[in-house]
Number of protein chains: 2
Amino acid sequence: MKKGNLLYGQSGGPSAVINASAYGVIKEAILNEEVDQVLVMNHGIEGALEEDFHYLNDYVDQIELLPNTPASAFGSCRYKINAEQDLPKLVEIFKKYNIRYFLYNGGNDSMDTCVKVNDYCKEVGYELYTIGVPKTVDNDLPFTDHTPGFSSAAKFIINTMMQIKLDSEVYKKGKVTIVEIMGRHAGWLTASSSVATKEGMGPDLIYLPERPMDLDVFLEEVKNIYSKQKNCLIAVSEGVKDKTGNFIGMMNQKKDAFGHTQLGGVALTLGGIIEDKLGLKYRAVELSTVQRSASFMRSKTDVIEAIEVGREAVRRVVSKETGRMVVIKRISNDPYIVEYDTHDVREIANLEQIIPDSMIGNDNFMMTQEFFDYIYPLIDGGYKQSYSRGTQDFFQINKNKKTV
Amino acid sequence: MKKGNLLYGQSGGPSAVINASAYGVIKEAILNEEVDQVLVMNHGIEGALEEDFHYLNDYVDQIELLPNTPASAFGSCRYKINAEQDLPKLVEIFKKYNIRYFLYNGGNDSMDTCVKVNDYCKEVGYELYTIGVPKTVDNDLPFTDHTPGFSSAAKFIINTMMQIKLDSEVYKKGKVTIVEIMGRHAGWLTASSSVATKEGMGPDLIYLPERPMDLDVFLEEVKNIYSKQKNCLIAVSEGVKDKTGNFIGMMNQKKDAFGHTQLGGVALTLGGIIEDKLGLKYRAVELSTVQRSASFMRSKTDVIEAIEVGREAVRRVVSKETGRMVVIKRISNDPYIVEYDTHDVREIANLEQIIPDSMIGNDNFMMTQEFFDYIYPLIDGGYKQSYSRGTQDFFQINKNKKTV
């Protein structure tokens, strides 16, 4: 007997592989006897509250393109649930659409949504099973070895830094190049650029949010490196702070719906300081959204794991697990082996996993061997992207089609 | 009887395939009976003036990696020859090293160097044969159908714009995203982003240096598109000008925190105007040097043609052609067939080829079919990049090695 419908949604910032997780969810769910129909929220929980759903039958001919496609194919949101208004409304909608399984794909804030939905349904006695599907390029979710989306963004950053390094040293007298990388509180993506350095073509200096930045020492380092090489490449996290705890890139003091400060402009700020204090020319490069949605050279490991966390979420939720998130457990580095498990989503929501001290070296420019042992298996292998006439083949919902 | 040594140099901005041309030059030259040794200038003509050369025997084990490697592997320069001082000195150096063949790989300015060297040698009776090898991502050299380097940069931009488009429309209410693309006087690279639009995932508006930008009309267009879509993606050339002929990117002369003038880019300037006049949030993305040195998804056509122009340059120069540049002639679009020829370098130097009117549509957001017929064959086919443990395998000269 089929139990009910499964509702899946995407939330938070896009990644290169969140649609691979959607693919895993869909492929597993449509085969599962406990699941009747698969509904997908249009723009996550924000759409669910407006009964704005996609039925997958409408996209069945395109579904194999989902793992190829970056960003959030079904729309995302950064909506913070209002407990009093939204939760009773959601339960009514769940009843109306016979939704019994709730899978939510995202990062910290999205897991907070899972907790709220799960707790409220339990409180009012509506039988709903909720599982979180992890996604974040920032790799800042706790209790999982790493998070789908991180490895592909890291691989893009590493290889782009190698290219920028080669590009930045072609002239006898070059510039100081400062590359700004995503990561508000956790420096995993910025740290990954150390792999480029290990390969002989990476940044000379790396600055993480995990370590305060001493601007005097920074200028001294840049000066020394420039006087030797006549160029200098710096990787800096958007969330790096000075010794007094202030964000270096605090240009825009607006806060988003979750109370996070919107950052930007670290590279430009540091460039200005370098020009002012050292009289050197600089080039500020912000990898921007290109780093999180780059699909043309993703990690095969990442794509496969993203699909697997989606499948595992379905297996767990139909087994009546609830209030948990799928996690990846690393069994060994070489050969690289992982297992999938779940963890209490309440312990994950709103908690950020920063880089452990043991992975950060004493110098500002290199990570420890422990970090390299951690990251190399994650970026290995190429996922073959399909192209037609030089352009990538992507899944795309028909925006004009009313699907419900 | 071997005639003499061949001197090859790279000049101007890096590209994704200039080293593929170096590979073509080297592979053809080492087999040719007229050529004794191949010398490569370290940092182009600037290095030549200091007798700073690489002998390729030192890199023979790595040479197959050259076509895989972006930027200018042997160093580049932006040096403008001083006729009175430099030319006599160069001839003395040519004599000392028995240099009889001179191949210079670059864009407009580099071809100017070819002209000066060629003319002076003729004037003083030193037997030297010079051929220019074309390179520029901007695609602004005349008398050639296109220039090696352009196609790969265009392919990166097209596919990156598709990714940015998907990323920029995930939220119900998005931002105005402005992407700044290289090309100071010629808008070929910015125009290429129209391919993404043709594929259904590209910029809504495109601004080229070939057309003055009316800021009032621009704001009206952005407003209309945003009110319909709740997001808007704009591709803009760094060299775009307003109706009075001033660079838009020069308008943003704010003082930064350190009291000095910051020349904001075009994207930041337009973003500021949009925020100010329309009250919309924006994201400015500058593709920076990443666009010219992206090697992970190059056009196969581009890599092969880059190698071929290098080979052709050697064939021509040993046949005693001189004062000419290798050009690509397109025989047909479908099937795509080209031939290689040469053209008087004097007519090429310092002349810029902008986009012809017939390729630019009446709207600000789409090119004509003639442009699409032109560009699709150029971006087709993937050149397989080789990776080890997730990082690209690149050629790199040993900087500490004294090679001469």
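Each value in this text was obtained by applying a stated rule to the coordinates, not by laboratory testing. Quantities reported herein were computed from a predicted structural model and do not represent experimental measurements. Backbone-built Cβ (ideal geometry, glycine too); neighbour counts: all protein chains shown.
Overview of results
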item	result
Cβ-based exposure ranking for B:Arg316, B:Arg389, in which fewest neighbours within 10 Å come first	B:Arg389, B:Arg316
Cβ-based charge dipole, the protein assembly as shown, positive-most Cα from B:Met41, B:Leu128, B:Gly4	B:Met41
For region B:175-221 versus region A:139-193, the gap between their alpha-carbon centres in whole angstrom	28
Distance between region B:44-65 and region A:290-369 - C-alpha centres, whole angstrom	45
Inter-copy label distances at B:Lys95 (7 Å, Cα→Cβ; nm, one decimal)	10.0
Net charge contributed by nearby residues that have their C-beta within less than 9 Å of B:Glu180 (K/R +1, D/E -1)	-2
Cα-centre dipole for region B:281-341 with unit charges at Cβ (Lys and Arg positive, Asp and Glu negative), debye to 20	240
Dipole magnitude of region A:150-291 about its Cα centre (Cβ charges: Lys, Arg +1; Asp, Glu -1), debye to nearest 20	240
Three-way shape call for region B:154-241 based on the alpha-carbon gyration tensor, with the a/c threshold at 1.5	oblate
Spacing of the two label points (7 Å from each Cα toward its C-beta) at B:Glu275 and A:Arg315, in nm	4.8
Antiparallel content of DSSP bridges confined to region A:150-291, in %, to 5	10
Helical mean residue ellipticity (222 nm; -39500 (n - 2.57) per DSSP H run of 4+; nearest 500) of chain A	-11000 deg cm²/dmol
DSSP beta bridge pairing in chain B, given as percent antiparallel to the nearest 5	35
Computed lengthening from A:Glu339 to A:Leu31, 0.36 nm per intervening residue step minus Cα-Cα distance	108.7 nm
Label geometry 7 Å along the beta-carbon vector: B:Lys384 inter-copy distances in nm	0.9
For region B:386-395, Karplus couplings with θ = phi - 60° (6.51, -1.76, 1.60), whole Hz, Gly/Pro x	9, 10, 10, 6, x, 10, 5, 8, 10, 6
Too-long pairs where the Cα-Cα distance tops 21 Å, listed order kept, from B:Lys135/B:Lys155; A:Lys165/A:Lys277; A:Lys384/B:Lys300; A:Lys155/A:Lys241; A:Lys329/B:Lys384; B:Lys228/B:Lys277	A:Lys165/A:Lys277; A:Lys155/A:Lys241; A:Lys329/B:Lys384
Kyte-Doolittle mean at least -0.5 and Cα axial length at least 18 Å: DSSP H helices in chain B	B:18-31, B:83-96, B:150-168, B:215-229, B:300-318
FRET efficiency, B:Glu92 to B:Glu352 (Cβ-Cβ, R0 41 Å, nearest 0.05)	0.75
For B:Gln37, residues with placed amide H under 5 Å, excluding near neighbours	B:Asn5, B:Leu6
Burial ordering of B:Lys277, A:Lys96, fewest other beta-carbon atoms within 10 Å first	A:Lys96, B:Lys277
